[in-house]
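Colleague: Following this message is one structure expressed as structure tokens.
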Amino acid sequence: MNWGERLHKAKAFISNGLFHAALDELRNLEHTSEDQNNENKGEFYDEQGKLSIYLTDYKRSVGLFLSAISCAHSKDAWVKYHVHLAVAYRRLSEFDTSYRYLNQLLEFKDEISAQTRGLLYLNLSAVQGIHGFYDQSMISAHKSLEFFSLVKDSEGYIADLYNNLGLAYLENGDFEQAEEYLNRAFTISGDQHMDIISEMGRMNLLRGRIHEGIHNAEAALRLVWSRIINYDKEEIARLCHLLAQISMHFHEVDLAIRLNEKAQLFFGQLGMWRQWQDIDSEVTEWMELSASCTDTPDGTDLNGISLQEIRLFLTILDAINSQELIDKKISTLLDVRVHYVKLLADQLGLSNTEKDRLILAARLADYGLTALEHELVLNPDRSVQAYEQYKKHPWLSVSMAQTIQLDQCVIDIIIDHHELLDGSGFPQGKQANDINFLAKVLSVVDAYTQGVTIHQKTHDECLHQLASQCGMRYDETVVERFFELFQT
């Protein structure tokens, strides 16, 4: 396989969400890239930069895009790599830097392809929206649509643009235009974009369509636990805000304020201070109203979603956040584990119900680690005593999960996810058929993701370890299906 074919293979891995396999391919290519021309080098660094964004290593992506820019073989490639650099800065919440780069690139708009122009205006529209420049955001979005109309396979970009337009019109109070563009975005993307659904819900509430807004909130909640790698904090913030407004409509002031505070937390972490300030003003107003609100329809059914479901969402979100606060490595592990669990569930042909249970278990399986010492969590093998303490965390996870009313099927997965076929696992030393099947699925994914995140092993090393223990520790069918994911 020559250099170009291997780069194509890495791209295929990225497009299929097999990020660590792609990382290995690109690492192997790096040793031979010196012999390549600038065109190949630029593309190589650009792919590495995009992969780093998928893996949420935004600082590394900045350096890689700068390397790609230095190797750009044409004006079009040079501008495209700069747009990707602006995206990396946006992910770092350096919105002013991102905005400055994109504005400077407009000087070259007549020298680049329609696709690159569409990409430039798409990202400019997004940053302008973050800054609150909604009229400018709309102009940029319309220009991007114009250029993408000339490009094949641009449907995904167009859905984002319609969403940008819907949000800008919504913020400007033009509800009819907002509804038109949000509906267009939803038609293209279906029910997989939580931010679109949440904004449709907010629009419906602002138009007095309470039941429609509640229906949107229900649809968004169905998606929330099946987010793939590094679930989008902006999406969660917007959903929290929507649920807060629904709760407030039913006079659940304390619940509404807690949800808005959670939305503020995420917007603040993202550096989206305009959105933070808007919610802060809303919270202040609601706190003044809280003393006069006596009607508390606890558990009221809101045509498809109950206040109890909203409380459960907030409680589970708190549980997930508490795990993420243990250490950055644990936060990364959770995101990556959910990502590969979702891929493997599809490969195994599991039902949607089984997949949802597996995803929720993957998010909360280590909830018990929050009750252990930080050093013990990151280095459980430091002593026999430490490992014995670590082995208790599935019981702790179950005990803590029961307080948030998780489904028993999810709890069964959590308690068994460290059990191994040969009985050498924990906490009960179960064997073979005594182990919950979905726990066997999570066990395989957990072994892989622990390797690539916590222990910094390569993709190939982790696959080799799974292969060597297949049928002894790990379910043979599950391992085989997992390996099939990487057969590009």
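Colleague: Please pick out the residue among GLU39, GLU30 that is open to solvent by 20 Å² or more (accessible area, probe 1.4 Å) and either modelled with pLDDT of 90 or more or within 25 Å of LYS457 (Cβ to Cβ) (or both).
Modeller: The match here is GLU30.
Colleague: I'd like the full set of residues that are of a type outside the set (A, V, I, L, M, F, W, C), closer than 18 Å to SER140 by Cα and at pLDDT below 95, limited to region 175-197.
Modeller: The one that is of a type outside the set (A, V, I, L, M, F, W, C), closer than 18 Å to SER140 by Cα and at pLDDT below 95: ARG184.
Colleague: Which of the residues spanning region 1-13 are under 19 Å from VAL452 (Cβ atoms) and open to solvent by 20 Å² or more (accessible area, probe 1.4 Å)?
Modeller: Restricting attention to region 1-13, the residues satisfying the condition of being under 19 Å from VAL452 (Cβ atoms) are 9-10, 12-13.
If the condition is that a residue be under 19 Å from VAL452 (Cβ atoms) and open to solvent by 20 Å² or more (accessible area, probe 1.4 Å), then LYS9, ALA12 are the ones that fit.
Colleague: Would you say HIS73 is open to solvent by less than 40 Å² (accessible area, probe 1.4 Å) and not assigned by the TED database to the domain that holds GLU199?
Modeller: Spelling it out, it is not the case that HIS73 is open to solvent by less than 40 Å² (accessible area, probe 1.4 Å) and not assigned by the TED database to the domain that holds GLU199.
Colleague: Hey, among GLU107, GLU43, which residue is assigned to a helix (DSSP H, G or I), free of Cβ contacts under 8 Å to residues at least 12 places away in the same chain and outside the structural domain of VAL452 (by the TED database)?
Modeller: Of the residues listed, the single one that is assigned to a helix (DSSP H, G or I), free of Cβ contacts under 8 Å to residues at least 12 places away in the same chain and outside the structural domain of VAL452 (by the TED database) is GLU107.
Colleague: Whether any residue in region 440-453 is among the small types (Gly, Ala, Ser), modelled with pLDDT of 95 or more and at positive phi is what I want to check.
Modeller: No - not one qualifying residue is present in region 440-453.
Colleague: Going through region 266-310 one residue at a time, which ones are farther than 23 Å from ILE214 by Cβ, at pLDDT 80 or above and surrounded by fewer than 12 Cβ atoms within 10 Å (Cβ to Cβ)?
Modeller: Passing the criteria: SER281, THR284.
To keep it simple, each residue is scored yes or no on (1) in contact with a helix residue (DSSP H, G or I) (Cβ under 7 Å, 6 or more places away or on another chain); (2) open to solvent by 40 Å² or more (accessible area, probe 1.4 Å); (3) of a type in the set (Gly, Ala, Ser).
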| site | (1), (2), (3) |
| --- | --- |
| ILE404 | yes, no, no |
| ILE413 | yes, no, no |
| ASP416 | yes, no, no |
| ALA439 | yes, no, yes |
| VAL445 | yes, no, no |
| ASP460 | yes, yes, no |
| GLU476 | no, yes, no |
| ARG481 | yes, yes, no |
| LEU485 | yes, no, no |
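The values are calculated or read from the model by the stated rules, or taken from the named source; none is laboratory data. Please read all numbers here as calculations on a predicted model, not as lab measurements. FYI the Cβ positions are ideal-geometry reconstructions off the backbone, even for glycines, and counts take in every protein chain you see. Protein only, heavy atoms only, side chains kept; ligands, DNA and RNA dropped before computing areas. Shrake-Rupley method; radii C 1.70, N 1.55, O 1.52, S 1.80 Å.
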